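Novice: Have a look at this one before I ask anything.
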Ligand code: ASP
């Protein structure tokens, strides 16, 4: 059941039809069918925002940036931006990166007190000679750029942290059974990829990282090649799950390379997941979740995860839908 792919249409088709009509006037739309995909079903709203940008003929870079800003600002999303769960010391530290069709990249790691980490990452990309800024340096840069310092903790995230303090156990390991029982997933990083009317790809990834991590811990999400990779000739991929495992296999780059050598997006995502199994063995891999999504240059998409219940949100001219990823276990 969990391995069966099913498609659930969420969005109303009427607005989608309106978009289809509005793109008929664009000669490029005959060749290129724009698409947006994101990790996790909760990011349907983020996809809509990104889709709006594409329908306004804005580039994929603008789409993914505007898209990931949606969960970053949402206090109820406890894995990204404002309201994201803190580290073990009660501090929210954010990681984000962004990559465009020209190979331009920017990332921030362990950024504190700024809601839109993706915007700071974009600033690093567009306004500095660097590609990564970390911690205090990232904050200093953000403030210089006019970003406002904010308290990223919410009542809900503080309550969750205080509850966690009762045991203070950090355990990112899980099991198929635990995942099956849980209503919500414990990984909700947004990784978003878009293909625009010009046929260009871009991606962005944003997270508050693993809840209750050590202060200063950085996962895969802001690491170009691990949490996100875009090659405009081939395709793009992004990741979620236990970042340490994604970094171990350079997940997103591995997937783009697999597509380069002929695999479909789904096969490529599967091959990255299998690489971790080859490296760490089945027993270990049965206890960690990693999930990937990918899109190729022609707008074909795919996803795959180690454990069940990983989902991909898709928005294209047909409408908005959620795909249940196949999983190895
Ligand atoms: N990949 C993120 C990290 O390790 C966490 C997640 O996807 O939930 O920081």
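Novice: Explain nothing, just the number: relative contact order of the chain, from Cα pairs under 8 Å at least 6 residues apart, as a whole percent.
Specialist: 25 percent
Novice: Could you tell me the center-to-center distance, by alpha carbons, between segment 87-157 and segment 244-259 in angstrom?
Specialist: 23 Å
Novice: Another question about this same structure. P(r) of segment 188-237 in 10 Å steps, Cα pairs, percent per bin?
Specialist: 25, 44, 21, 8, 1
Novice: Using only the Cα atoms, work out Rg/Rh for segment 153-302, with Rh taken as the Kirkwood radius, to two decimals.
Specialist: A ratio of 1.01.
Novice: Could you work out Rg/(2.2 N^0.38 Å) for the chain, with Rg from alpha carbons only?
Specialist: Computed over Cα atoms of the chain, the ratio equals 0.93.
Novice: Still on this structure: Could you state, as a whole-number percent, how many of the C-alpha pairs of segment 245-287 are farther apart than 12 Å?
Specialist: I get 55 percent for the Cα pairs in segment 245-287 exceeding 12 Å.
Novice: Can you sort 130, 65 from fewest to most other Cβ atoms within 10 Å of each residue's own Cβ? Display every interim value, and only then the final one.
Specialist: Working: 130 13, 65 26.
If I rank by nearby Cβ atoms, fewest first, I get 130, 65.
Novice: To the nearest 0.05, how large is the calculated FRET efficiency for residue 182 and residue 149 if R₀ is 30 Å and r is the Cβ-Cβ distance?
Specialist: 0.30
Novice: How big, in percent, is the set of alpha carbon pairs in segment 23-105 lying more than 22 Å apart? Spell out each step's value before the answer.
Specialist: Details: 1225 of 3403 pairs.
The calculated P(r) of segment 23-105 puts 36 percent of pairs beyond 22 Å.
Novice: In what order do 89, 220, 95 fall by count of nearby beta-carbon atoms within 10 Å, going from fewest to most?
Specialist: Fewest to most other Cβ atoms nearby, the residues stand as 89, 95, 220.
Novice: Need the full-extension length gain, residue 300 to residue 169, defined as separation in residues times 0.36 nm minus the C-alpha distance. One decimal, nm.
Specialist: 43.1 nm
Novice: To check you understand DSSP bridge types, tell me what percent of the beta bridges within segment 153-252 (both residues inside) are antiparallel, rounded to 5.
Specialist: Given both bridge residues lie in segment 153-252, the antiparallel proportion sits at roughly 90 percent.
Novice: Cα convex hull of segment 91-175: mean projected area in nm², to one decimal?
Specialist: Averaging across all directions leaves 7.6 nm² for the Cα convex hull.
Novice: What translational diffusion coefficient, in µm²/s and rounded to a whole number, does the Stokes-Einstein relation yield for segment 101-149 at 10 °C and a viscosity of 1.306 mPa s, taking the hydrodynamic radius as the Kirkwood radius over Cα pairs?
Specialist: Values: Rh = 10.4 Å.
My calculation gives 152 µm²/s for D.
Novice: Given bins 10 angstrom wide, list per bin the percent of all Cα-Cα distances in segment 195-280, short to long.
Specialist: Answer for segment 195-280: a P(r) of 19, 47, 27, 7, 0 percent.
Novice: How would segment 260-315 be classified by its alpha-carbon gyration tensor: rounded, prolate or oblate, with rounded meaning a/c under 1.5 and the a/b versus b/c comparison settling the rest?
Specialist: In terms of gyration-tensor shape, oblate.
Novice: Exposure proxy check: 154, 128, 254 ranked by fewest other beta carbons within 10 Å?
Specialist: By the 10 Å Cβ count, ascending: 128, 154, 254.
Novice: Taking the simple approach of a point 7 Å from Cα along Cα-to-Cβ for both residue 286 and residue 57, what is their distance in nm?
Specialist: 5.6 nm
Every read-out reported here was derived from the displayed coordinates using simple, explicitly stated rules and does not represent laboratory data. Owing to the predicted nature of the structure, the values given are computational and were not obtained by experimental measurement. Neighbour counts run over all protein chains shown; Cβ positions are idealised from the backbone, glycine included.
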